[in-house]
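Heads up: the structure comes next, in structure tokens.
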Amino acid sequence: MGRTHLQDAVPIQLGQEFKAFATSIGRDIKRIKIAFNDLKSVNMGATAVGTGLNADENYKRIIVKELSKVCGITLTSAKDLVDSTRNVDVFVWASSSLKTCAVNLSKMSNDLRLMASGPLAGFNEINLPQKQPGSSIMPGKVNPVIAEVVNQVCFNVFGNDVTILKAAEAGQLELNVFEPVMFYKMFESIETLTHACDTLRINLIDGVTANKARCEDMVESSIGNITAVAPHIGYANASLIAQKALLEQRKLRDVILESGLLSEKDLNIILKPKSLTRPGIAGKQLLQARLKDQNHESD
């Protein structure tokens with residue numbers, strides 16, 4: 001059951017939710033590649049303030065080529081050596097791309113923990129791999145420790161990004177003397193976020209299973225499905241039926257059929273789970289069913 005404001009909304013497929021996770025991480029990968037590509041520009045030969053004083057004319061060309069060989073990365077010389085000596089905004093952008101990825105990873109971890117909450121007094125829609133023997137005081141209680149580890153790594157990346165931002169801003173005139181802490185925090189974010197992604201995939205994502213019966217029961221019981229029925233019976237009727245179902249603690253399907261506003265055949269088509277998550281399917285199926293009925297009547 002999809003939720004907005006933590007309240008029942010309309011149904012959504014687990015596959016659609018997990019695809020959205022993948023899509024967001026795909027954007028993060030693109031951002032990181034673009035941002036880190038700018039780090040391939042170096043200011044070797046700039047000397048003290050970017051003017052190149054006392055540097056041999058051939059040094060810049062030779063050193064960049066040799067560094068590329070040593071690092072295995074195609075490096076280039078900065079177009080403006082004064083700018084690249086005094087400004088380190090490329091590190092801010094690179095760190096920001098890691099921070100953005102951490103935001104999505106932490107949000108994903110929050111969602112996974114919530115979807116697996118319970119198991120009896122929570123959502124219990126999915127089952128996470130059990131990676132902890134149990135609580136020290138509550139026997140049998142298994143906590144979502146992998147998701148919580150990822151959350152904590154992401155919190156640290158957020159803090160590192162603030163440090164990098166402040167260090168870049170605090171530079172004065174021709175040289176930023178705070179680069180050491182920037183590099184330290186940047187490498188820490190890269191390393192810890194890499195390990196967090198690995199452990200999230202290996203120890204959690206790869207082992208997630210769906211609690212199918214629970215998901216089906218909540219979709220069937222939720223009054224959120226009235227949203228799909230509203231176009232066929234009108235908003236006012238739909239609102240009254242939803243309120244009645246909630247007040248009397250009855251299934252929405254039973255209250256709709258009792259109202260006589262829809263036949264059971266049409267309601268089955270409208271409330272078919274797949275139809276609820278793919279707009280247009282129910283309308284086409286209803287039209288086909290009614291045309292078929294009309295043809296039978298003509299015959």
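The values are calculated or read from the model by the stated rules, or taken from the named source; none is laboratory data. Keep in mind that this is a model prediction, so the values were computed, not measured. Reconstructed Cβ throughout: ideal geometry from the backbone, glycine too, with neighbour counts over all protein chains shown.
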Are any residues in the range 245-258 in contact with a Ser or Thr (Cβ under 9 Å, 6 or more places away or on another chain) and part of a helix (DSSP H, G or I), and if so, which ones? L252, L257
I need a count of the residues in the range 254-269 that are at pLDDT 90 or above and either in the same structural domain as V10 (by TED's automatic domain parsing) or under 19 Å from D8 (Cβ atoms) (or both). 3
Spans of helices (runs of 4 or more DSSP H) in the range 149-237 with at least 2 residues within 21 Å of L98 (Cα to Cα), charged (D, E, K, R) and in contact (Cβ under 8 Å) with a residue 24 or more places away in the chain: 179-203
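Here is a yes/no grid of residues against (1) under 25 Å from F158 (Cα atoms); (2) outside any helix (DSSP H, G or I):
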residue	(1), (2)
T51	no, yes
V82	no, no
F91	yes, no
A102	yes, no
Going by the conditions given, is A22 assigned to a helix (DSSP H, G or I), in contact (Cβ under 8 Å) with a residue 24 or more places away in the chain and under 27 Å from V149 (Cα atoms)? no
(1) in a helix (DSSP H, G or I); (2) more than 22 Å from S117 (Cβ to Cβ) all hold for L261 apart from (1)
Given the condition in contact with a Pro (Cβ under 9 Å, 6 or more places away or on another chain) and surrounded by 12 or more Cβ atoms within 10 Å (Cβ to Cβ), answer yes or no: does some residue in the range 4-22 qualify? yes
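Give me the residue from the range 264-281 that is basic (K, R) and not in a loop (DSSP other than H, G, I, E, B) and, out of that set, nearest to K19 (Cα to Cα).
Here the residue is K274.
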Considering (1) over 27 Å from the mean Cα position of the chain (by Cα); (2) within 23 Å of T4 (Cα to Cα); (3) among the hydrophobic types (A, V, I, L, M, F, W, C); (4) surrounded by 13 or more Cβ atoms within 10 Å (Cβ to Cβ), say which one A236 fails and leave the rest. (4)
Are there any pairs, at least 6 apart or on different chains, whose C-beta atoms fall under 8 Å, with the first in the range 86-101 and more than 18 Å from G26 (Cβ to Cβ) and the second of a type in the set (V, I, T), and if so, which? R86/V49; F91/I164; V92/I164; A94/I32; S95/I164
Matching residues, the range 137-148, being part of a helix (DSSP H, G or I) and either of a type in the set (V, I, T) or surrounded by fewer than 20 Cβ atoms within 10 Å (Cβ to Cβ) (or both): V145, I146, E148
If D38 satisfies every condition in (1) surrounded by 16 or more Cβ atoms within 10 Å (Cβ to Cβ); (2) out of contact with any Lys or Arg (no Cβ under 6 Å at 6 or more places or on another chain); (3) in a helix (DSSP H, G or I) but one, which is the exception? (1)
Going by the conditions given, is A48 exposed (fewer than 14 other Cβ atoms within 10 Å of the Cβ), touching a strand residue (DSSP E or B) at 6+ places or on another chain (Cβ under 9 Å), farther than 28 Å from H195 by Cβ and of a type outside the set (D, E)? yes
